[in-house]
Amino acid sequence: MADKELPPRPDTPCVAVCSTTFDEICRGCGRSVVEVAHWVSMTEEEKEVVWVRILSQGYPRRNT
């Protein structure tokens, strides 16, 4: 993916609806607890993999 330009994304999928009450996945952004914790140190390519997955799952969500 080095040759391809990544699509524009916000800096983070966070929507300030943080909840991992029932499992390890945030109900607001769809990231795992580990992904949230390591987001700032992830490469752009690693972040894109997360973005693709969470968007395909219907995240980020507000008021859910």
Inset, instruction - Could you please report the charge total around Met42, scoring K, R as +1 and D, E as -1 over all other residues with beta-carbon less than 14 angstrom from its beta-carbon? - result: -2
Legend entry - Debye-sum result for the chain in log10 I(q)/I(0), which assumes one identical scatterer on each alpha carbon, at q = 0.12, 0.19, 0.26, 0.27 Å⁻¹: -0.29, -0.69, -1.21, -1.28
Legend entry - Contour excess over end-to-end distance, with Cα ends at Arg9 and Arg61 and 0.36 nm allotted per residue: 17.2 nm
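Here, each number is a calculation from the coordinates, and none is a lab measurement. Keep in mind that what you see is a predicted model, and the values were worked out from it rather than measured. FYI the Cβ positions are ideal-geometry reconstructions off the backbone, even for glycines, and counts take in every protein chain you see.
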